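Worksheet: the structure to be examined is printed underneath.
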Amino acid sequence: MQRPADHPEIPPRRIGVILVNLGTPDAPTPAAVRGYLKQFLSDRRVVEISPLIWQPILRGIILNTRPKKSAANYAKVWTDRGSPLAVVTADQADALQKHFGDAVYFSAAMRYGNPSIASELEKAKAAGCGRILIAPLYPQYSGATTATVFDEVARVMADMRWQPALRLLPPYYDDPVHIDALAKSVGEALERLPFVPDAIVASFHGMPERTLHLGDPYHCQCQKTARLLSEKLGRELVVTFQSRFGRAKWLEPATDSTLERLARQGKRKVAIFAPGFSADCLETLEELAIQGKESFLHAGGTDFAYIPCLNDSSEGIDMLEALIRRELAGWTNL
């Protein structure tokens, strides 16, 4: 049946995939960082304290003191194209687009900052995507990461009259394709080092310890990732947690104090990597590669190497392609 002449233009039907990562300020400036931190630290999933108590602390102290220091740290790793996290996530989407072709529409979004989940959902729908896979690039599940992506998607969908069908990429912390990709990437990096490490540290992003006791599976999933990877590499891994914030007790052992302890114990040569991050960012490039190295050498270490995340490497893209093809089964015959 022929469409009426005055019918509005309808784009060809496509499948959409939106890669989602944590977020980043728009620039390495105190003003941009302040806006980013305000959005990030106001999320009830991230800071589980009553807003009546937390918001005065956030607005009265943290947003007036932390942005300047954080902006200086961002400036150390900022690239000509922008924030490393945003750049790498966009490159991952571009690489996957080439693997899948025009039948699948790929884009990248940040949970906090830009490009936003709301803007990328709208673009996907305008591109003809009636079915969209939301892919949070967090191998391990946490309420403060994976769940808050789903929260934001639901919030945006609540205002859409014509909603697309959605699927959500599950955590892939123990998926064989993920472990294999990590093992290949880390193993080859270790072979290229000009020294043999006395210790290999797997540093995961930290979470308040109370989240573990409340039932968040993050800690257990980190430990399983490390165990499976250790078995695959045939090397012992020292598991640590980084990026502590505030006075609450966080998951331990802490990365910074562990690096210092290893040096004092005679472990003079260390390699470190971050298997909980899908893309390099401030927490890996500045906190581990720069601050971690400084503290380790200052404590007596002699050799330090940071091994990059999977990023848009061939191993990383092949892994994401395998995961995404699996989740698109039934939607496409690709």
Scanning region 269-292 for residues that are assigned to a loop (DSSP other than H, G, I, E, B), more than 17 Å from Ile200 (Cα to Cα) and not hydrophobic (A, V, I, L, M, F, W, C) gives Ser278, Asp280, Glu286
In the set Arg210, Arg235, the lone residue that is basic (Lys, Arg) and part of a loop (DSSP other than H, G, I, E, B) is Arg235
The residue that is farthest from Ala202 (Cα to Cα), considering only those in region 125-175 that are among the aromatic types (Phe, Trp, Tyr) and surrounded by fewer than 18 Cβ atoms within 10 Å (Cβ to Cβ), is Trp162
>> Against the condition under 18 Å from the mean Cα position of the chain (by Cα), modelled with pLDDT of 95 or more and either closer than 30 Å to Arg326 by Cα or not polar (S, T, N, Q) (or both), how does Leu182 come out, does it pass?
In response: yes
(1) out of contact with any His (no Cβ under 6 Å at 6 or more places or on another chain); (2) on the phi > 0 side of the Ramachandran plot all hold for Glu283 apart from (2)
Some residue of region 247-257 being open to solvent by less than 40 Å² (accessible area, probe 1.4 Å), over 23 Å from Asn21 (Cβ atoms) and part of a helix (DSSP H, G or I) = no
Considering region 322-334, residues that are in a loop (DSSP other than H, G, I, E, B) and open to solvent by less than 50 Å² (accessible area, probe 1.4 Å), and then whichever is modelled with the highest pLDDT, we arrive at Leu328
Of the residues in region 123-135 that are in contact with a Lys or Arg (Cβ under 8 Å, 6 or more places away or on another chain) and part of a strand (DSSP E or B), the one that is nearest to Leu85 (Cα to Cα) is Ile134
Restricting region 211-246 to residues that are touching a His at 6+ places or on another chain (Cβ under 7 Å) and surrounded by fewer than 19 Cβ atoms within 10 Å (Cβ to Cβ), the one nearest to Phe296 (Cα to Cα) turns out to be Ser243
Flagged in region 312-321 as more than 13 Å from Pro170 (Cα to Cα) and open to solvent by less than 70 Å² (accessible area, probe 1.4 Å), in numbering order, are Ser313, Glu315, Gly316, Ile317, Met319, Glu321
Leu58 fails exactly one of (1) within 22 Å of the chain's Cα centre (by Cα); (2) modelled with pLDDT of 95 or more, namely (1)
**Asked** Do we find a residue being among the hydroxyl-bearing types (Ser, Thr, Tyr), free of Cβ contacts under 8 Å to residues at least 40 places away in the same chain and open to solvent by less than 50 Å² (accessible area, probe 1.4 Å) anywhere in region 177-192?
**Response** no
Going through region 293-314 in order, the residues found to be in a loop (DSSP other than H, G, I, E, B), without any contact (Cβ under 8 Å) to a residue 40 or more places away in the chain and within 16 Å of Val196 (Cβ to Cβ) are Thr302
Flagged in region 286-305 as surrounded by fewer than 22 Cβ atoms within 10 Å (Cβ to Cβ) and within 20 Å of the chain's Cα centre (by Cα), in numbering order, are Glu286, Glu287, Ala289, Ile290, Gln291
Turns out the helices (runs of 4 or more DSSP H) fully within region 25-120 with at least 2 residues that are out of contact with any Cys (no Cβ under 9 Å at 6 or more places or on another chain), open to solvent by 60 Å² or more (accessible area, probe 1.4 Å) and under 30 Å from Met160 (Cα atoms) are 30-41, 84-100
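The values are calculated or read from the model by the stated rules, or taken from the named source; none is laboratory data. Keep in mind that what you see is a predicted model, and the values were worked out from it rather than measured. Backbone-built Cβ (ideal geometry, glycine too); neighbour counts: all protein chains shown. The area values use the complete protein model at the heavy-atom level, side chains included, leaving out ligands, DNA and RNA. Shrake-Rupley method; radii C 1.70, N 1.55, O 1.52, S 1.80 Å.
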